[in-house]
Amino acid sequence: MSVFSAPAFDGHELVTFCCDKRSGLRAIIAVHNSTLGPAVGGCRMFPYASDDDALHDVLRLSRGMTYKSALAGLPMGGGKSVIIGDPNSQKTRSLLLAMGDFVNAQNGRYVAAEDSGTGVADIRVMSERTDWVSGMDENEYGGDPSPSTALGVYLAIRAAISHRLGSTELRGITVAVQGLGHVGYYLARHLIADGATVYGADLNSANLNRAVNELGVIATEPGKILRLPVDVVAPCAMGAVWNRRSVEELRAGIVCGAANNQLASARDGALLQDRGVLYCPDFLVNAGGIIDVHHQRIGSSARVKRSHIGRIETTLSGVLQRADQLQRQPQLIAEELAEEYLAQGANAALLKAAC
Ligand code: NAD
């Protein structure tokens, strides 16, 4: 395994590894950039096939958090952590306490929140060993940021529909949602409440049945969901769903979903653009969760939080317009905007230090 020359390294400030023999914890914490503030990001637990896969994932996710927080106007840097293991069979209390110790040892450079494979209850266990955790407030959803992520994706879909079709009206619009877990379920609920027809697929039959029975989602086979002839495809399962083959098979004009790092490679963004598909940058679209975590940390009202999440719709509209004007990918425009905010943050810090 190489670290500094890993393909996704991209100048990370900190990458640190933990092996705790007693609990069996094997974990990595990555801090990509802390120009705008302490690095805040989820702690993912996944049975990675190799250490290299785990490193690649944490580096890509952590970099994504830098861009996500910068674009959302948050005083936070980008970081992420991964625990190597199966959350269904290997997640024990002693492992989570050891993870709490590992987070604590970073002295606040990294703040952990829930992610795929971990939940609010797990973060509470870690909090027995560290204050550097977030997203456990007793709000309507018990601290779970997923409903806020879903709200942001729903608003982003409105912006994308408006950009392409000239109206935010969702009645008559068809959407295919891949993954009906924490985010996909609430996204489908918003869309159906507004009159959209939602097709959904999930490998987990309990999650699929819940969305079908409670919301009226139309069940679809997982292998077909990304190539349905719908207006919008919303990937809300795992990353790297867009590659040469899936882009060729795509029949929707808009892609707008919650999954992180949806493009398997930068080349796939160009392929989507060449096919005339409006690809909404994932790190812009799915920022509702981290905005929620921020407002939990500073104790904001629900109204303030909702209004901040609402900015996702306007930011995306601006990015899509600029991309059209310049005939460039929205992904690249959004990355450049985030880099501008980072540079402004670095200048402001230099100025402060000089005064
Ligand atoms: P989740 O684990 O609750 O739900 C994901 C669902 O996708 C599960 O029900 C799973 O069975 C299903 N799934 C996995 N592979 C599938 C496939 N090939 N086809 C169909 N279904 C499949 O996760 P979540 O919290 O809803 O997050 C969804 C995505 O959004 C993830 O990529 C996550 O990183 C990203 N995201 C989540 C949040 C958040 O607040 N939860 C914030 C930002 C980004």
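The values are calculated or read from the model by the stated rules, or taken from the named source; none is laboratory data. What you are looking at is a predicted structure, and each value in this text was computed from that prediction instead of being measured. Positions of Cβ are backbone-derived with ideal geometry, glycine not excepted, and every protein chain shown enters the neighbour counts. Just so you know, the surface numbers come from the protein's heavy atoms only, side chains and all, with ligands and any DNA or RNA stripped out. Shrake-Rupley method; radii C 1.70, N 1.55, O 1.52, S 1.80 Å.
Among residues other than residue 74 with Cβ under 13 Å from its Cβ, the summed charge is +3 (Lys and Arg +1, Asp and Glu -1). Lysine pair count for the chain with Cα-Cα distance under 30 Å and sequence separation of 8 or more or different chains is 11. DSSP bridge analysis restricted to the chain gives an antiparallel fraction near 30%, rounded to the nearest 5. About the centre of its Cα atoms, the chain shows a dipole size close to 180 debye [charges on the beta carbon of Lys, Arg (+1) and Asp, Glu (-1) only; nearest 20 debye]. Karplus-based coupling profile of region 338-345, in residue order and whole Hz: 4, 5, 4, 4, 5, 5, 4, x, with θ = phi - 60° in 6.51 cos²θ - 1.76 cosθ + 1.60 and x standing for Gly or Pro. Taking Cα atoms only, the orientation of helix 182-193 departs from the longest principal axis of the chain by about 30 degrees. The C-alpha atoms of the chain define a longest principal axis, and helix 51-71 lies at about 70 degrees to it.
Spin-label model, residue 121/residue 327: points 7 Å from Cα along the beta carbon direction are separated by 5.6 nm. Protection proxy ranking of 71-83, 253-265, 270-282, by the mean of other Cβ atoms within 10 Å over each peptide's residues and highest first, is 71-83, 253-265, 270-282. The P(r) of region 16-73 has a tail past 15 Å containing 52 percent of all C-alpha pairs. The convex hull drawn around the Cα atoms of region 146-339, when projected onto a plane and averaged over every direction, covers 10.6 nm².
Give the value in nm², to one decimal: projected area of the alpha carbon convex hull of region 40-128, averaged over all directions.
Working: hull surface 22.8 nm².
If you wrap the Cα atoms of region 40-128 in a convex hull and average its projections, you get 5.7 nm².
Helix 288-298 and the longest principal axis of the Cα set of the chain meet at an angle near 40°.
Neighbours of residue 256, meaning other residues whose beta-carbon lies under 12 angstrom from its beta-carbon, give a summed charge of -1 when Lys and Arg score +1 and Asp and Glu score -1.
For region 274-355, what is Rg from Cα atoms divided by 2.2 N^0.38 Å, rounded to two decimals?
Numbers: Rg = 15.7 Å, N = 82, 2.2 N^0.38 = 11.7 Å.
Region 274-355 yields a ratio of 1.33.
What part of the accessible area of the chain, given as a whole %, is carbon or sulfur when the probe is 1.4 angstrom?
Working: 7520 of 15440 Å².
For the chain, the apolar C and S fraction of the accessible surface comes to 49 percent.
Just so you know, the averaged projected area of the alpha carbon convex hull for region 124-201 sits at 6.4 nm².
Which whole-number percent is the relative contact order of the chain (Cα, under 8 Å, 6+ apart)?
Numbers: 747 pairs, mean separation 54.4, N = 355.
Averaging sequence separation for qualifying contacts and normalising by length gives 15 percent for the chain.
In the frame of its principal axes, the chain has Cα extents of 53, 52, 43 Å, reported largest first.
Could you do me a favour and compute the accessible area per residue for region 28-142, 1.4 Å probe, result in Å²? Intermediate results must be reported in sequence, preceding the final value.
Numbers: 4140 Å² over 115 residues.
With the other protein chains kept in place, region 28-142 gives 36 Å² per residue.
With θ taken as phi - 60° and the Karplus curve 6.51 cos²θ - 1.76 cosθ + 1.60 applied, the whole-hertz 3J(HN,Hα) list for region 272-279 is 4, 4, 4, 7, x, 8, 7, 9 Hz, x standing for glycine and proline.
Accessible surface computed residue by residue for region 146-339, with neighbouring protein chains in place and a 1.4 Å probe, gives 42 Å² per residue. Protection proxy ranking, highest mean first, for peptides 216-222, 292-298: 292-298, 216-222, where packing is the per-residue count of other beta-carbon atoms within 10 Å, averaged.
The gain in end-to-end length when the residue 21 to residue 267 segment is fully stretched comes to 84.5 nm, 0.36 nm per residue minus the alpha carbon separation. Defining a contact as two alpha carbons under 8 Å apart and six or more residues distant in sequence, what relative contact order in percent does region 170-317 show? Once normalised by length, the contact order is 18 percent.
Pairwise Cα distances in region 191-304 exceed 16 Å in 65 percent of cases.
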